[in-house]
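Down below is the structure, laid out as structure tokens.
The values are calculated or read from the model by the stated rules, or taken from the named source; none is laboratory data. Only a predicted model underlies this, so the values are computations on that prediction, with no experimental measurement involved. Every residue, glycine as well, gets a Cβ built from its backbone with ideal geometry; the counts of neighbours run over all protein chains shown. Surface accessibility is based on the protein's heavy atoms, side chains included, excluding ligands, DNA and RNA. Shrake-Rupley method; radii C 1.70, N 1.55, O 1.52, S 1.80 Å.
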Amino acid sequence: MTKPIIVQKFGGSSVANIDRIKAVAQRVLETKTKKNNIVVVVSALGDTTDELEELAMKLTPQPPEREMDMLMSTGEQISCALLAIAIKALGHEAISFTGGQVGIRTDKSHTKAQIETIDAQRIRQALSENKIVIVAGFQGINSDNDITTLGRGGSDLTAVALAITLGAKVCEIFTDVKGIYTADPRIVEDAQKIQNISYDEMLEMASLGAQVMQARSIEVAKRFNIPIHVRSSFAKEEGTMITQNSSKLEQISVSGITSNKKEAKVTICAVPDKPGVAAHIFTEISKVGVSVDTIVQNVSHTRHTDISFTVPRSDLNKTLKAAEQIAQKLHAREVLQDNKIARVSIVGSEMRSRHGIAAQMFQTLAENKINIEMITTSEISISCIIHEKNTDKAVKALHKIFSLKD
Ligand code: ADP
Ligand code: ASP
Ligand code: MG
């Protein structure tokens, strides 16, 4: 009979230095028994990925994406080799692999590649030899045998995808907080740890800025129904289970508050108000590979209207270039930009059945003298775009008003 497999992922802060790598090696060995197999996925040490990105930016503001993948993937190669060395130094069998070596095949889109297949042959072979397998997160290889990366936070996706491929019972995500909280504990001191959260709520929180999990990894976990256990690498206690149903005893309307300072707003002023204009604008923007988020088009009284939309801040330059060309072609007026915005959101799957939640959110922001620039809603969330300087104040006030306690 094959032994059950446990997949454990350790984030950057958990492997930030040699002492922490030694502690992770101990922790992995505490989980390993004769009756199970362990596959470990690691992120790069501490802030290595940011530091590598900064190095390239010193050479040019828009480094070629293929070369960025070559560069950024090296961070995880260092941590997986060091962890394997640490485990072997404690007298146990371990082997490290890159994403390519374990057959993580992706499409050709550099810096945010999609996983297509995983053969995991070398993992199975190494496990059958009773070795602890350590895999470099965040990376794969494409059909040209070029290294690709899976988007920031992509080691979460590596872990979830391997857990699915290997038929693991659970995917454990070890990080520097004790689980998923009702708000980022770095912003809200009395944020509460959530015991269970549904894939849908976690996906919404991650998409709206809760960086504790990569949104795509939750999407994949949901599709294959693999439970995720988010927990601390510094404490033994249970963390948060992410599963299909959150099994809360009492249905609370708002489960979490998130914020995101990684967007920018672009406004094309005085575009003609006629059929096909929005289609033209957003087709051209999508052609330069930018995904647009919130869009606001005002009612026109003069046959011209302003169109505002948000894009990832890292794509602002690309977007402005395209927007200038669009404005010229449509005989619109100027293009404005604002990269000092933030999105604050409330998330909760029970929100759809409650009245007055949106009003309460807007009222709270008003009482704190925070101006709302844009509003969007989904079935299970409401987001407001505000000035970046008000982010923490807004998150704290919303957390208090919706009294987010377990
Ligand atoms: P890792 O290096 O382990 O991948 P990350 O920095 O990516 O860790 O994610 C962990 C961080 O996410 C925490 O330190 C915390 O500040 C932040 N975070 C944001 N929102 C939340 C939330 N709702 N619950 C828990 N942590 C959150
Ligand atoms: N090291 C990569 C990043 O910082 C991937 C990860 O940590 O998940 O985005
Ligand atoms: Mg992370």
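Miscellaneous remarks
- THR158 passes every criterion in (1) modelled with pLDDT of 95 or more; (2) more than 26 Å from ILE21 (Cβ to Cβ); (3) within 13 Å of ligand 2 (Cβ to nearest atom) apart from (2).
- Annotation note: of ALA332, ALA322, the sole residue that is of a type in the set (Gly, Ala, Ser) and either within 23 Å of SER383 (Cβ to Cβ) or out of contact with any Cys (no Cβ under 8 Å at 6 or more places or on another chain) (or both) is ALA322.
- One residue stands out in the stretch 1-25 among those that are assigned to a helix (DSSP H, G or I) and closer than 22 Å to ILE123 by Cβ: the one that is farthest from ligand 2 (Cβ to nearest atom), namely ALA25.
- Some residue of the stretch 240-256 being within 13 Å of ligand 1 (Cβ to nearest atom), touching a residue at least 40 places away in the same chain (Cβ under 8 Å) and surrounded by fewer than 22 Cβ atoms within 10 Å (Cβ to Cβ): no
- Of the numbered criteria (1) under 18 Å from THR377 (Cβ atoms); (2) open to solvent by 10 Å² or more (accessible area, probe 1.4 Å); (3) assigned to a helix (DSSP H, G or I), the one VAL292 fails is (3).
- Which listed residue, of ILE132, ILE78, is under 25 Å from ALA16 (Cβ atoms) and surrounded by fewer than 18 Cβ atoms within 10 Å (Cβ to Cβ): ILE78
- Count of residues meeting criterion [β-branched (Val, Ile, Thr) and assigned to a strand (DSSP E or B)] in the stretch 298-331: 4
- Strands (runs of 3 or more DSSP E) completely within the stretch 162-265 that count 3 or more residues being of a type in the set (Asp, Glu) and over 19 Å from SER381 (Cα atoms): none
- Residues in the stretch 191-237 that are touching a residue at least 40 places away in the same chain (Cβ under 8 Å), among the acidic types (Asp, Glu) and open to solvent by 30 Å² or more (accessible area, probe 1.4 Å): ASP200, GLU204, GLU237.
- Yes/no for VAL28 being under 15 Å from ASN130 (Cβ atoms) and either part of a helix (DSSP H, G or I) or within 16 Å of ligand 1 (Cβ to nearest atom) (or both): yes
- Top-ranked residue of the stretch 332-348 - restricted to ones that are open to solvent by 10 Å² or more (accessible area, probe 1.4 Å) and not in a strand (DSSP E or B), ranked as nearest to THR267 (Cα to Cα): GLU334
- Taken over the stretch 172-190, the criterion of being surrounded by 22 or more Cβ atoms within 10 Å (Cβ to Cβ), more than 17 Å from CYS80 (Cβ to Cβ) and touching a helix residue (DSSP H, G or I) at 6+ places or on another chain (Cβ under 6 Å) is satisfied by ALA183 alone.
- Any hit, the stretch 13-22, residues being open to solvent by 50 Å² or more (accessible area, probe 1.4 Å), in contact (Cβ under 8 Å) with a residue 12 or more places away in the chain, of a type in the set (Gly, Ala, Ser) and under 26 Å from ALA235 (Cα atoms): no
- Pairing residues of the stretch 70-89 that are free of Cβ contacts under 8 Å to residues at least 60 places away in the same chain with residues that are of a type in the set (Gly, Ala, Ser) and part of a helix (DSSP H, G or I), at Cβ distances under 7 Å and at least 6 apart in sequence or on separate chains, gives LEU71/ALA56.
- So GLU65, is it within 11 Å of ligand 2 (Cβ to nearest atom) and open to solvent by 40 Å² or more (accessible area, probe 1.4 Å): no
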